[in-house]
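Inspection log for the structure reproduced underneath, given as structure tokens.
None of the figures in this text is laboratory data; all of them are computed from the coordinates on show. No experiment lies behind these values; they were computed from the predicted model shown. A quick note on method: Cβ atoms are made from the backbone with ideal geometry, for glycine too, and the neighbour counts reach across all protein chains shown.
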């Protein structure tokens with residue numbers, strides 16, 4: 001081994017520098033990758049986008065053929081405030097609110113002692129007049145026989161003229177008395193009928209098949225056809241024929257051209273929100289209300305329902321055509337702008353404000369709404385704007401209305 005001087009000994013730094021540069025390049029590449037991944041994560045997931053929201057809801061297909069909406073109330077075309085034609089004290093009432101009654105049913109009774117006494121008096125007077133007629137008839141027959149006999153004798157000059165005249169006068173008087181007795185009978189018969197009618201007035205009956213809406217009087221109240229004080233009542237009960245129920249709505253004069261006679265309608269009631277009732281225009285009342293600038297339209301129910309009651313708030317949708325049976329069922333729909341990827345998925349919004357791509361199945365289209373048959377339920381929220389920029393799991397912010 002040759003001797004090497006200290007001056008010849010030295011460290012080769014070239015390979016060390018190369019290794020150091022190589023490590024630095026690796027670190028830079030790693031850092032660049034991390035930054036790229038972070039940027040990609042932010043762009044795709046972490047970046048918070050503000051989006052509009054569409055909520056899956058129930059929609060009736062009839063809404064797509066609605067030309068006009070109006071509000072009003074359920075009313076009974078046939079109703080009555082039942083009272084008596086005479087004044088009297090109420091002694092009994094047989095119904096209450098909600099009672100179903102038939103025509104002729106007794107609703108209440110008034111005290112009738114006075115009219116019963118008048119009936120008995122009229123009956124006695126009638127009997128007396130009949131007795132008087134019997135007497136007058138007997139007297140008439142006697143005078144008639146005597147007159148005929150004396151007439152023959154007078155013609156044969158067997159009696160004086162004065163006897164004949166007296167017999168004739170008695171005959172005519174008896175005939176007049178008989179006629180008077182018959183007239184008195186007719187008058188007393190009329191008086192008896194009047195008394196019986198007045199007794200009938202003390203029994204208050206239902207004028208038609210109906211349901212009692214309100215009971216306006218109680219036992220002991222004075223009932224009169226013209227109630228004028230706090231202690232006097234004009235009506236005992238208010239009734240309505242539920243088979244005559246219809247809806248009355250006010251339609252503005254500017255929109256009345258959209259309404260036609262017999263036009264199909266759909267009726268909803270605030271008290272029964274889960275049901276829709278089909279109907280048609282019964283009448284456009286031929287006068288306008290100048291204070292409202294509106295015209296009243298009456299709408300029939302095609303089918304009566306026992307849940308429908310007078311004075312319920314109602315909304316009427318006037319349709320361009322009648323709906324089919326299948327169109328009467330509600331559909332789950334969302335705005336068409338919330339669907340992407342050839343109408344097969346949406347971005348559903350979770351409770352933590354993140355989106356999840358959800359596969360759906362669609363059905364019919366109703367304007368800008370699309371039926372959802374699978375994948376969403378009523379109340380689910382989905383993003384309806386900026387969906388092309390969204391990624392599965394991305395955080396979002398809901399745009400304030």
*Using 0.36 nm per residue, how much length does the chain from residue 151 to residue 197 gain when fully extended, once their Cα-Cα distance is taken away?*
11.6 nm
*Summing -39500 (n - 2.57) over the DSSP H runs of n ≥ 4 in the chain and dividing by its residue number, what mean residue ellipticity at 222 nm do you reach, to the nearest 500 deg cm²/dmol?*
-10500 deg cm²/dmol
*What is the fewest-to-most order of 377, 260 by other Cβ atoms lying within 10 Å of their Cβ?*
377, 260
*Taking N as the number of residues in region 43-183, what is its alpha-carbon radius of gyration divided by 2.2 N^0.38 Å?*
2.96
*Estimate the FRET efficiency between residue 357 and residue 257 by the formula 1/(1 + (r/R0)^6), using the beta-carbon distance for r and 45 Å for R0, to the nearest 0.05.*
0.40
_For Cα pairs less than 8 Å apart in space and 6+ apart in sequence, what is the mean separation divided by the residue count of region 113-201, i.e. the relative contact order in percent?_
52 percent
*Against the longest alpha carbon principal axis of the chain, how many degrees, from 0 to 90 and to the nearest 10, is the axis of helix 14-41 turned?*
10 degrees
*Computed over region 254-401, Cα set: Rg, Dmax in Å*: 21.0, 61
*So what's the angle, to the nearest 10 degrees on a 0 to 90 scale, between helix 161-201 and the longest Cα principal axis of the chain?*
20 degrees
*When only Cα pairs under 8 Å and 6 or more residues apart are kept, what is the percent relative contact order across the chain?*
26 percent
_Residue order, fewest to most surrounding Cβ atoms within 10 angstrom, among 30, 116_ = 30, 116
*asked:* Rounded, prolate or oblate for region 222-307? Axes are the square roots of the Cα gyration tensor eigenvalues, ordered a ≥ b ≥ c, and the cut-off for rounded is a/c under 1.5.
replied: oblate
*Rounded to the nearest 10 degrees, what's the angle between the helix 113-155 long axis and the longest principal axis of the chain, both from Cα atoms, 0 to 90?*
30 degrees
_305, 209, 113 arranged by Cβ crowding within 10 Å, fewest neighbours leading_ = 113, 305, 209
_Full-extension gain in nm, residue 368 to residue 96, via 0.36 nm per residue minus C-alpha separation_ = 92.8 nm
*With N set to the residue count of the chain, report its C-alpha Rg divided by 2.2 N^0.38 Å to two decimal places.*
2.29
*Write down the Å³ per residue value for the convex hull defined by the alpha carbon atoms of region 113-201.*
62 Å³
_Output needed: percent of Cα pairs per 10 Å distance bin for region 166-238, bins running from 0 to the one holding the longest distance._
15, 25, 19, 14, 12, 9, 5, 0
*Tell me the label-point distance for the pair residue 124, residue 78, using the 7 Å Cα-to-Cβ offset, in nm and rounded to one decimal.*
4.4 nm
*asked:* I'd like the distance between the alpha-carbon centres of region 324-386 and region 181-224, rounded to an integer number of Å.
replied: 67 Å
*If you stretched the chain out fully between residue 298 and residue 328, how much longer would it get, using 0.36 nm times the residue separation minus the C-alpha to C-alpha distance?*
8.6 nm
*Using DSSP, restrict attention to beta bridges with both residues in the chain and report what percent are antiparallel, rounded to the nearest 5.*
95 percent
